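The structure appears below as structure tokens.
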Amino acid sequence: MTRVTADVTRVSRRSYWGRDEFDSEMERVFGRCWLFAAHESEIPSPGDYVTRKLGGEDVIVVRDETGDVRILLNSCTHRGNQLCRADMGNSSHFRCSYHGWTFSNKGTLRGVPERKQVFDADFDKSKYNLVGPPNVDVFHGLIFASWDPEAPSLLDELGDMAWYLEAVLDKAGDLQVVGPPARALVRTNWKLGAENFAGDGYHLGTTHKSPIDLGTYLNTEAFPQLDDVSMDAMRGRCIVAGNGHTLRVQHYGLETDEPVFLGYPEERWADIASGLDPRQADLMSRISVLHGNVFPNLSFIDAAALYSGDDTPAVSYVQLRQWQPVDEMHCELIMFALVPRWYDEEQRAHSQRANLRMVGLAGIFDTDDFQNWTSVADMSRGRVSQSTDFVYAGGVGIKPADDVGWPGAVYDVDHSEVNQREMFRRWSELLDDDSICTRTTGTADQC
């Protein structure tokens with residue numbers, strides 16, 4: 001069976017729903033890539049922690065007593081019991097509920113009950129410190145880690161995507177997570193949501209026709225600048241940033257002398273533009289929506305909610321979402337709402353409300369998407385269905401534009417499948433790479 005054709009226009013359904021493929025990608029994709037773990041604003045003070053999954057492993061993301069960010073395997077080194085059962089909190093130490101072994105928030109084993117009575121005199125506590133990923137780094141508030149000791153640097157892994165993430169994360173200054181993340185177990189494979197956010201504008205006119213007809217993209221009462229703008233005049237672009245990272249941006253057809261950042265106070269527009277380089281200001285100005293995926297499973301969206309209820313003015317929102325693989329048929333979706341730190345309480349509430357209503361678990365867009373994604377999973381369980389392929393042939397003949405000036409390959413087209421092909425090109429490349437198995441098991445035969 002061919003997982004992915006050479007031109008990446010066809011992907012076997014077993015690449016999504018096959019158990020062997022799932023086991024391989026957990027080792028070769030999630031065992032190698034840099035993975036998002038948390039946002040720095042979730043752990044602002046020493047002792048603050050959150051518990052998360054990192055490539056299928058339970059971890060504690062904690063700011064230690066000296067202020068450094070650490071990621072620790074959430075498993076006692078004595079007999080493997082879960083150390084921390086809370087989703088978040090603050091603690092200087094983590095004590096195992098089984099035999100009482102106690103670890104500092106640096107991962108150092110500090111306490112062993114009855115050590116002299118139970119263990120030999122030469123028992124060395126330093127040999128039993130908590131395990132953690134060998135690589136941890138922070139990029140503009142995003143905490144990443146990789147389990148691969150030979151992984152490239154985070155910046156090398158991000159490549160051109162770093163420039164686009166900077167634009168999103170720096171546009172309104174320092175961003176912070178508001179509220180605990182929303183979580184849901186979704187009956188579909190993690191790749192389906194990731195490739196949708198990677199740049200699928202093609203489904204909007206069908207899947208999301210109702211919210212579009214309700215005026216979520218065009219609200220001239222909120223923004224008179226849109227009086228002469230139509231949906232047909234919107235300009236979309238698909239961007240391939242390399243290493244499987246992609247995004248799509250759609251701009252309003254506005255002719256303006258200065259950058260326009262709809263959804264933010266107009267008196268802030270000049271400050272927002274000054275915090276970006278001119279090309280980033282061009283990217284972020286006039287956007288109706290920008291969304292993408294940091295390979296493998298960190299998606300993001302930045303949009304102006306022009307209407308999300310009579311109690312909420314037009315406001316911009318930023319969301320991070322992570323598709324945590326559970327098995328070949330399920331993923332855990334985690335959603336983070338981000339707002340500028342300079343927002344007052346009312347502005348934060350407006351942005352968070354728009355986030356929930358537009359792209360929250362029960363939002364007007366995601367309820368449509370969930371119906372499709374779970375349907376695809378249900379219709380891909382059988383032997384015959386899994387012998388067929390998904391098609392990613394949209395935009396096969398298009399070439400990158402040479403007059404935009406943004407990093408990566410920028411395609412001057414709104415609806416295409418070029419981004420999905422880049423995601424599966426990278427996925428397939430990693431699944432065919434035996435080197436990660438050799439590094440982690442000593443032999444490719446064991447992978």
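Which ones in the range 91-141 are touching a residue at least 40 places away in the same chain (Cβ under 8 Å), more than 30 Å from Y164 (Cβ to Cβ) and not β-branched (V, I, T)? So that I can check it myself, show each step before the final result.
Within the range 91-141, the first condition is being touching a residue at least 40 places away in the same chain (Cβ under 8 Å), and the residues that meet it are 91-92, 104-106, 128-133, 135-138, 141.
Checking the rest, the ones that are also more than 30 Å from Y164 (Cβ to Cβ) come to 91-92, 104-106, 128-131.
S91, S92, S104, N105, K106, Y128, N129, L130 - these are the residues of the range 91-141 that are touching a residue at least 40 places away in the same chain (Cβ under 8 Å), more than 30 Å from Y164 (Cβ to Cβ) and not β-branched (V, I, T).
From the list D87, D68, D7, pick out the single residue that is over 20 Å from A145 (Cβ atoms), surrounded by fewer than 18 Cβ atoms within 10 Å (Cβ to Cβ), modelled with pLDDT of 95 or more and among the acidic types (D, E).
On the way: D87 fails: over 20 Å from A145 (Cβ atoms); D68 fails: over 20 Å from A145 (Cβ atoms).
Only one candidate passes the filter, namely D7.
Which pairs have Cβ atoms under 8 Å, sit 6 or more apart or on different chains, and link a residue in the range 302-327 that is on the phi < 0 side of the Ramachandran plot and free of Cβ contacts under 8 Å to residues at least 60 places away in the same chain to one that is of a type in the set (D, E, K, R) and surrounded by fewer than 23 Cβ atoms within 10 Å (Cβ to Cβ)?
Cβ pairs passing all conditions: D311/R353; T312/R353; T312/R357.
Taking the range 164-203, which residues are in a loop (DSSP other than H, G, I, E, B) and either assigned by TED's automatic domain parsing to the domain that holds G89 or closer than 18 Å to V50 by Cβ (or both)? Steps first, please.
Narrowing the range 164-203 to residues in a loop (DSSP other than H, G, I, E, B): 171-174, 178-181, 187-189, 198-203.
Of everything in the range 164-203, those that are in a loop (DSSP other than H, G, I, E, B) and either assigned by TED's automatic domain parsing to the domain that holds G89 or closer than 18 Å to V50 by Cβ (or both) turn out to be V178, G179, P180, P181.
Of the numbered conditions (1) surrounded by 15 or more Cβ atoms within 10 Å (Cβ to Cβ); (2) within 23 Å of V4 (Cα to Cα), S385 satisfies every one except a single condition; which is it?
(1)
Pick from the range 332-369 the residues that are in contact with a Leu (Cβ under 8 Å, 6 or more places away or on another chain) and buried (at least 19 other Cβ atoms within 10 Å of the Cβ): which of them is modelled with the lowest pLDDT?
Across the range 332-369, the extreme among qualifying residues is G363.
Determine the pairs where a residue that is in a helix (DSSP H, G or I), located within the range 24-43, has a partner that is polar (S, T, N, Q) with Cβ atoms under 6 Å apart, the partner being 6 or more residues away or on another chain.
Correct list of pairs: S41/Q176.
Anything in the range 142-159 that is surrounded by fewer than 18 Cβ atoms within 10 Å (Cβ to Cβ), touching a residue at least 40 places away in the same chain (Cβ under 8 Å) and out of contact with any Lys or Arg (no Cβ under 8 Å at 6 or more places or on another chain)? List them, or say none. Show your work before the answer.
Filtering the range 142-159 down to residues surrounded by fewer than 18 Cβ atoms within 10 Å (Cβ to Cβ) leaves 149-150, 152-153, 155-156, 159.
Now drop any that are not touching a residue at least 40 places away in the same chain (Cβ under 8 Å), which leaves 149-150, 159.
The one that is surrounded by fewer than 18 Cβ atoms within 10 Å (Cβ to Cβ), touching a residue at least 40 places away in the same chain (Cβ under 8 Å) and out of contact with any Lys or Arg (no Cβ under 8 Å at 6 or more places or on another chain): G159.
Here are some conditions: (1) touching a helix residue (DSSP H, G or I) at 6+ places or on another chain (Cβ under 6 Å); (2) assigned to a loop (DSSP other than H, G, I, E, B). Q280 meets all but one. Which one does it not meet?
(2)
What are the residues in the range 305-319 that are in contact with a strand residue (DSSP E or B) (Cβ under 9 Å, 6 or more places away or on another chain) and at pLDDT 80 or above, if any? Can you show your working first?
Going through the range 305-319, the residues in contact with a strand residue (DSSP E or B) (Cβ under 9 Å, 6 or more places away or on another chain) turn out to be 305-306, 308, 312, 314-319.
Hits for the range 305-319 are A305, T312, A314, V315, S316, Y317, V318, Q319.
The values are calculated or read from the model by the stated rules, or taken from the named source; none is laboratory data. Remember, it's a predicted structure, so these values are computed and weren't measured experimentally. Neighbour counts are summed over all protein chains in view; Cβ atoms, including those assigned to glycine, are modelled from backbone coordinates with ideal geometry.
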